[in-house]
Every structure is written in structure tokens, then in C-alpha cells.
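Heads up, the thing below is written out as C-alpha cells.
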Amino acid sequence: MFETLGGRLQTVFDGLQKRGKLTEEDVDKAMREVRLALLEADVNFKVVKSFVKRVRERAVGHEVMRSLTPGQQVVKIVNEELVATLGEPGRLNLGMQSPSVIMLVGLQGAGKTTMAGKLALFLRKQGRRPLLVACDVYRPAAIDQLQTLGKQLDIPVYSEGIDANPVKIAKNGVKEGKNSDATVVIIDTAGRLNIDEMMMDEIKAIKAEVEPIETLLVADAMTGQEAVRVATDFNNAVDITGLIMTKIDGDARGGAAISMREVTSVPIKFLGTGEKLNAIEEFHPDRLTNRILGMGDMMTLIEKAQTEMDQDEAQKAGERMMEGKFDLEDFLKQMQQIKRMGPIGQLLEMIPGMNKMAGDVDLSGAEGELKRIEAIIQSMTSKERRAPKIIKASRKKRIAAGSGTSVQEVNQLLKQFREMQKMMKQLRGGGKGRKGLMNMLGGGF
Ligand SMILES: Nc1nc2c(ncn2[C@@H]2O[C@H](COP(=O)(O)OP(=O)(O)OP(=O)(O)O)[C@@H](O)[C@H]2O)c(=O)[nH]1
Ligand SMILES: [Mg+2]
């Protein structure tokens with residue numbers, strides 16, 4: 001599935017040693033995963049190739065920031081490059097003329113008619129007065145469909161039935177818009193199963209007649225490897241000014257958006273996120289990137305970790321850990337650092353692979369758990385924190401009473417801490433072991 005890029009990269013990065021620079025070998029390993037994940041997300045293979053090349057060039061020899069692990073560094077570069085590829089948030093250009101004419105084109109079933117309704121509603125919410133124009137005379141139900149939408153939204157629809165010429169309908173539609181004081185005219189055109197010449201000629205003729213300020217290619221997120229050809233052909237025929245990706249709510253990964261954007265260089269303007277008429281979203285490259293990479297808000301987490309973690313503190317804790325001196329005092333400090341980064345649930349959601357888990361787990365529990373541990377450690381004397389071994393039965397009783405917990409819970413914490421120490425010992429010994437949460441977050445040790 002889609003979510004796995006984050007997870008996959010994590011696996012690769014777990015194997016990477018912490019070094020000052022990313023080596024070619026490190027980057028190659030990571031790039032293999034990036035390539036696979038993008039192909040799985042239906043990004044066109046040629047586009048994947050050039051994308052990976054760009055990331056690779058940036059990554060090799062890149063200084064690893066002090067606060068990031070090499071893996072996080074690669075994730076950061078992949079993310080930045082993908083956001084750059086997807087481009088600026090695309091705003092609808094309505095020009096100076098009234099009414100502004102918007103024309104929707106695309107393959108059959110892409111979601112043009114639905115998007116026409118969504119756009120009309122979206123624009124009306126912004127205080128515009130839209131008129132919908134039905135230029136699909138080929139599918140008998142097409143005009144009815146638009147008229148039904150119009151009724152539902154209380155937005156006027158212009159049509160001339162199925163015997164009229166689409167170019168004329170478009171022309172008369174714009175005229176009707178002027179007469180009826182509409183400020184935006186949205187033209188819904190017919191789709192075809194495949195791109196054929198007749199269809200292209202027709203939309204070319206409509207475009208020449210009404211000179212729309214926006215010619216938007218509506219494409220289904222499922223378009224897959226076809227995306228490059230579809231986008232290129234439409235762009236060659238009618239010079240599209242923007243892209244709309246629909247059905248982004250389904251299983252498709254939206255990789256087609258990357259392909260289309262890359263080959264046409266026109267901005268992505270909207271996403272269709274469902275069948276309902278309010279299921280429309282203005283395009284934001286960062287959000288789609290997260291969706292495509294399935295990395296949750298990994299970047300936000302990395303940035304948070306960077307700013308919130310006290311570097312020196314982390315460094316010191318790391319050193320103490322390596323020297324085998326890590327005690328409950330350090331443990332408490334680390335926990336407080338993590339807590340300062342925000343509610344634990346939010347943190348979990350940001351970690352790839354965890355977002356699903358976060359939904360299932362009772363997070364108020366985790367939050368409470370952290371608080372309880374904190375209370376227990378705070379009820380200890382500093383001597384006890386430094387040398388937990390001296391905590392025997394009577395001390396346990398006192399600590400439990402002081403923290404409002406039970407001796408059992410104190411025992412549990414001490415046991416957890418001992419296990420952690422054991423793990424650290426193994427880490428020190430083996431050198432290569434698994435990295436813990438703190439390592440991932442702090443990157444400093
Ligand atoms: N889940 C989901 N379904 C959508 C979305 N947009 C459109 N659909 C559905 O996709 C189907 C086709 O949508 P239409 O708007 O009729 O597509 P079209 O491009 O006008 O199709 P033709 O006129 O036949 O070329 C309909 O069942 C819509 O409800 C979307 O963003 N999400
Ligand atoms: Mg239609």
C-alpha cells in the first residue's frame with residue numbers, strides 16, 4: 001500500500017550508520033525504495049526516473065544536519081523535491097472580464113460534470129454568480145445530470161437540448177451569462193473513452209469561440225501510467241491552464257498528479273475529494289505530497305524535533321547513555337522533552353505507520369501513562385533517581401503514596417527502566433542495534 005514509503009525508508013535508514021555525510025551507497029539504497037514507492041503510487045516511470053535523479057543529486061554528499069539522522073535527511077529532501085515538483089498551490093484565475101469563462105475538458109467519466117457543479121458552488125460561496133453550460137450533447141443523460149445538479153444547488157443551467165451544436169451552445173451560453181448578470185460561466189464538455197480527433201477538434205472549436213480564461217483538464221486519480229499521454233494530448237490540443245484531480249478520496253494514490261504536472265508544467269488547481277458537491281479542495285502541494293508518500297506529517301515532526309529538542313541536552317543524555325550512566329533523572333528529562341513537543345497522540349499520528357495505530361489506541365491512556373511515570377519519578381529523591389537500585393520496599397511505598405500510584409505501578413516503571421538499561425547495554429555492545437524513539441526524535445545520540 002501507499003503508506004509504506006515512510007515505513008520502507010525507515011527500514012533502509014535503520015540500517016544506515018550515523019555519519020556526517022550521506023554516501024552514494026546510502027542514497028542508492030534509499031532511492032531504490034523511493035522509486036518503487038512512486039511507481040506503486042502510479043507515477044509515470046519516466047517521471048519517476050527524472051525525479052529520483054534530482055533527489056539523488058541533492059542527497060549525495062549532503063551534509064547531515066546535526067539534529068537529523070541520515071534517514072530523516074533523505075526524507076526531507078524527497079519531500080521538498082516532491083513539493084517543488086507539484087508546484088505552487090493553484091489559484092483559479094478569473095481575469096478582469098465578466099463573465100469569466102471556465103471550460104472543463106477530460107476523458108469520459110473523469111468527473112467533469114460533477115466538478116462543474118462543485119466549482120459553481122465553490123465560486124458562489126465566494127460571492128460570484130455562476131452559470132453552468134451543458135455542452136455534452138452525446139450522452140443523452142448528460143444534460144439532465146447537469147440540470148439536476150443545478151437544481152440541487154439553485155444555480156442556473158444553460159442548455160439547448162441534444163440536437164444543437166456544442167460550439168453554438170457554448171457561445172450562446174456565454175451570451176446568456178452576460179444577459180443574466182452571471183459573473184462566471186462554467187462550460188461542461190463531453191468526454192470520450194479515448195482521446196480521439198473529433199473530440200479534440202470540438203473542444204478546440206469551443207475554446208476558439210468563447211476564449212475561456214481557464215481551460216482545466218479534469219482527470220481521475222486512477223489515470224495511472226496513462227496520465228502522461230492524456231495530459232500531453234489535451235495540452236497540445238487546447239493549451240490547458242490548469243489541472244484538476246478527482247476521486248482522490250478513492251484507492252488511487254494520486255501519483256498521476258505528479259506525472260501530469262511534470263509534463264505540462266501547468267498548476268494543479270483543485271482536488272475532487274468525494275461524490276458530494278462540497279467535496280472540493282483547493283490544491284496544496286504539501287498535503288498531496290503527504291498523501292503520495294504516506295508519511296503523515298513526518299516533516300512537521302522532523303521540524304518540531306529540530307526546534308523543540310534542546311540539542312545540548314540531547315547530546316549530554318546521549319553521552320550518558322553511551323557511558324552507561326543514564327538514570328531516572330535523565331529519563332525524566334527526556335520524557336519532558338518529548339512531552340513539550342505536543343500531545344502524544346498528535347506525535348504518534350505524525351509518525352509513518354503509526355497514524356493507523358494512533359487511531360486504534362486509546363491515547364488518553366498513553367497521555368495518562370506519561371503523566372503517571374512523571375509523577376512517580378518526581379516523588380523520588382535525587383539520590384534514588386541517580387541510583388534506582390536502592391529503591392526497596394519501604395521507599396517504593398513512599399513513592400507510590402507521594403505520586404498517587406500503587407507499589408505495583410512503581411515496580412512496573414522500575415522494571416521498564418531496567419529493561420531500557422539492558423537495551424542500551426546491548427546497543428553499546430553491538431553498535432548496530434535498533435534505534436529507539438528518542439534516537440529517532442533527537443537524532444543526537
Ligand atoms: N468518489 C468520487 N467520485 C467522484 C468524484 N468526482 C466525480 N465522481 C463520480 O464519478 C462519476 C463520473 O462523474 P461525472 O462528473 O459524471 O464525470 P464526467 O467527466 O462528466 O463524465 P462524462 O460526462 O461521461 O464524460 C460519477 O459517479 C461521480 O459521482 C470524486 O471526487 N470522488
Ligand atoms: Mg459529464
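One table, with the values for the structure above:
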quantity: Which listed residue, of 291, 261, is of a type in the set (Lys, Arg) and at pLDDT below 90; calculated: 291
quantity: Any hit, the stretch 206-215, residues being modelled with pLDDT of 95 or more and under 21 Å from residue 259 (Cα atoms); calculated: yes
quantity: Selection within the stretch 237-285 - among the charged types (D, E, K, R), surrounded by fewer than 24 Cβ atoms within 10 Å (Cβ to Cβ) and on the phi < 0 side of the Ramachandran plot; calculated: 249, 251, 262, 269, 275, 276, 281, 282
quantity: Hits in the stretch 19-31 - residues which are open to solvent by 70 Å² or more (accessible area, probe 1.4 Å) and either part of a loop (DSSP other than H, G, I, E, B) or touching a residue at least 12 places away in the same chain (Cβ under 8 Å) (or both); calculated: 19, 21, 24, 29
quantity: Pairs, first of a type in the set (S, T, N, Q) in the stretch 255-281, second more than 9 Å from ligand 1 (Cβ to nearest atom), C-beta under 6 Å, six or more apart; calculated: 259/43; 259/44; 259/47; 259/227; 259/228; 264/231; 264/235; 273/281
quantity: Test: residue in the stretch 323-335 that is at pLDDT 80 or above and open to solvent by 50 Å² or more (accessible area, probe 1.4 Å); calculated: no
quantity: Members of the stretch 183-205 that are closer than 10 Å to residue 133 by Cβ and away from ligand 2 (no atom under 14 Å from the Cβ); calculated: 185
quantity: The stretch 370-388 residues that are open to solvent by 60 Å² or more (accessible area, probe 1.4 Å), paired with ones that are small (Gly, Ala, Ser) and part of a loop (DSSP other than H, G, I, E, B) (beta carbon under 9 Å, 6 or more apart); calculated: 372/404
quantity: Residues within the stretch 96-121 that are open to solvent by less than 40 Å² (accessible area, probe 1.4 Å) and more than 16 Å from ligand 2 (Cβ to nearest atom), tallied; calculated: 4
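The values are calculated or read from the model by the stated rules, or taken from the named source; none is laboratory data. Everything quoted here is computed from the prediction, not taken from an experiment. All Cβ positions, glycine included, derive from the backbone under ideal geometry; neighbour counts span all protein chains shown. Side chains included, ligands, DNA and RNA excluded: accessible areas come from the protein's heavy atoms. Shrake-Rupley method; radii C 1.70, N 1.55, O 1.52, S 1.80 Å.
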